[in-house]
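Below is one structure, written out as structure tokens; the observations come after it.
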Amino acid sequence: MNTGISGLDGLDEEKLSEIRENAARLSDMKQEVPVEELFSESFIQRHTKFSSIGHLLKAAGYEGNTDEEFDEFIQGHTINPFIIEHTPFRSWQDFQELAVSAYITKWVGL
């Protein structure tokens with residue numbers, strides 16, 4: 001039975017140590033990640049026809065300026081149909097989960 005983690009073959013001890021340190025720092029983070037950082041331009045361009053999260057949200061009808069307005073918009077009933085129509089994702093939640101995964105992978109150094 002193989003219990004190894006795939007994709008880590010060929011990493012030297014120095015790189016593994018760097019990944020461990022970055023993962024430890026990530027687990028200690030208390031602040032929220034800005035939307036523009038979480039949904040980087042490269043992530044948005046890879047998964048949508050938009051150039052940035054700002055352009056995507058504007059096209060979806062978002063006109064707010066505060067965290068509260070953003071939360072209300074995301075929790076509303078209009079974002080999921082937009083995401084389904086304009087991305088390969090089934091919901092904002094799926095879209096966000098992949099963005100978080102990509103962010104963590106990049107931040108840790110994999």
For Ser101, tell me the accessible area in Å² from a 1.4 Å probe, rounded to the nearest 10. 60
Given Cα positions, please report Rg to Rh for segment 67-110, the hydrodynamic radius being the Kirkwood one. 1.08
Largest-first ranking of Ile104, Ile83 by accessible area, probe 1.4 Å, whole protein assembly kept, is Ile104, Ile83
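The values are calculated or read from the model by the stated rules, or taken from the named source; none is laboratory data. Everything numeric in this text was worked out from a predicted model, so none of it was measured. Ligands, DNA and RNA are stripped out before the accessible areas are found, and what is left, the full protein with its side chains, is counted by its heavy atoms. Shrake-Rupley method; radii C 1.70, N 1.55, O 1.52, S 1.80 Å.
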